[in-house]
Amino acid sequence: MFNSTSLICKHGSAASAISLTAILALLTFPTVARAQTGSSNNSGGNKDQATPSAPVLLDGWGTPVTNALKPGEKPGPAPRHDISGTWEPARGPGDGIQAFGPRDMPSDGAPGHEPPYSALGLETYHSHKPLEGEERVLESLSNDPRNKCDPLGFPRADFYQVRHTQIMQDDHKVVILYEFEKRWRVIWIDGRELPKEIPEPRYYGYSVGKWVDDTTLLVDTIGTMPSEKVWLDEAGRPASDAILVEERFHRLDRNNMELTVTIDDPKMYAKPWVAMNKFPMRLQTPDYDVVEMMCIPSEEEQYYKDYGDPASGVDSKQSK
Amino acid sequence: MKPKFLMICALAGSLIVSVPLFAHHGNAAFDVGKRVTVKGTVTDWVWANPHCWLKFDVKDDKGNVAHWVAETNNAPDMIERGWSKNTFKPGDEVTVTVEPVKSGNPVGRVVAVVLPNGQNLGMSYLRK
């Protein structure tokens, strides 16, 4: 342990103390963080150090990130039957996280955002204890399978933590490499049909795709896991093993693509519904190295011991 | 009460409207919108899954030490914000603004920090 210094401010004591000086201080509070390389070796308490260099965003390889388009450059036309490349949410890194559920149907209580649950769907939804959305519970009381580092599965991979997404393809298949958890799935585009009988349920199901025009790949996926294994989203909406997920990858031009996802799950929902509508993705440079991101049980355990349980005021090992 | 004290407390209160939701491990335990700013000494900076967390000690006027723990976000997200595994080391004196838990325990989510060299780190992405 190390010596600490003084307590500055206790809970909630700020409201009556706001001053013009403080507001000015707020206005000048930097919204952009430091450079990765600028202040990584600060020594404690030394206030005479030089100001760190300007912020630089680095990729997983430690290389400064550049835009795929040069300033003033316009995207070229979309290549035919090709969605390969490294894609990222076009509206910024936070756009694909979707903590409250699918971006266009978040669990926020707003009119129109409630999926058309069946009776079983609603019952299953209420049995889930998610960390986010209308049914959220305390950190250590959640029964979300992913809390134990179980795979997100599909279609949740489309509705939570959409980050840098590497897509590779040949004449037979399209392979999607997800940044979150370093998972991948194969979409067969060789003309085969979906299996008549599912050999065995898979976390990422069985997918086939076909080009409906030069720049649109329509993908159907079935054969996913039952609802106790995979949730639809972070808010605890259910997905059953009877689900048919339709993904529409539409490449607008060389640098931009939209993803639309429709859920058809007769066990959990009374009718099909669009969970994600034209979610925009932009092309990253081909040399971009994706940061490693995995769920690691030993780190998860330490997280709950150090932080999750004190935050919730409970013991997660006893409550689950 | 010292002017610096007032200013920092006011700054903490003002931050209520300026920080986006960033954590994805639930809001239920937190006093959402509330801000607390403390100055302390780093004891550990855990760069890990699912979220990174900062441990630091805060001593009050009577010499009592509170062992704080505050989470940030996951490592890739923190990289997008300009943080790194080397942002802190034990012994660093830092000022930390957190969104605290409702229970009153010294636990919260990091909203912003001031490093020993005076640099501010926040939760805004470097690139939109």
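The values are calculated or read from the model by the stated rules, or taken from the named source; none is laboratory data. All values derive from a computational prediction rather than experimental measurement. Counting neighbours? That spans all protein chains shown, and the Cβs are built from the backbone with ideal geometry, glycine included.
Assorted remarks:
- Scanning region B:47-60 for residues that are among the hydrophobic types (A, V, I, L, M, F, W, C) and either more than 7 Å from chain A (Cβ to nearest Cβ) or farther than 30 Å from A:GLU292 by Cβ (or both) yields B:TRP47, B:CYS52, B:LEU54, B:PHE56, B:VAL58.
- Residue pairs whose Cβ atoms lie under 6 Å apart, separated by 6 or more positions or on different chains, with the first residue in region A:69-80 and at pLDDT 95 or above and the second not in a loop (DSSP other than H, G, I, E, B), are A:ALA78/A:ARG251.
- Exactly one residue out of A:VAL175, A:VAL208, A:VAL212 is surrounded by fewer than 14 Cβ atoms within 10 Å (Cβ to Cβ) and not in a loop (DSSP other than H, G, I, E, B): that is A:VAL212.
- Cβ-Cβ distances below 9 Å connect the following pairs, each with a first residue in region A:290-307 that is farther than 16 Å from A:LEU141 by Cβ and facing chain B (nearest Cβ under 9 Å), a second residue that is of a type in the set (Asp, Glu) and in a helix (DSSP H, G or I), and a separation of six or more residues or different chains: A:VAL291/B:GLU80; A:MET293/A:GLU181; A:MET294/A:GLU181; A:CYS295/A:GLU181.
- Residues in region A:159-186 that are of a type in the set (S, T, N, Q) and more than 17 Å from A:PHE249 (Cβ to Cβ): A:GLN161 alone.
- Selection status of A:ILE198, touching a strand residue (DSSP E or B) at 6+ places or on another chain (Cβ under 6 Å) and over 30 Å from A:LYS74 (Cα atoms): no
- Failed item in (1) surrounded by 18 or more Cβ atoms within 10 Å (Cβ to Cβ); (2) closer than 30 Å to B:ARG127 by Cα; (3) touching a residue at least 40 places away in the same chain (Cβ under 8 Å), with A:ASP287 passing the rest: (1)
- Here region B:33-56 is the region considered, the condition is being touching a strand residue (DSSP E or B) at 6+ places or on another chain (Cβ under 7 Å) and aliphatic (A, V, I, L, M), and the residue that is farthest from A:ASN147 (Cα to Cα) is B:VAL38.
- Inclusion of B:PRO90 among residues that are facing chain A (nearest Cβ under 7 Å), surrounded by fewer than 21 Cβ atoms within 10 Å (Cβ to Cβ), within 21 Å of B:LEU126 (Cα to Cα) and not charged (D, E, K, R) is not warranted.
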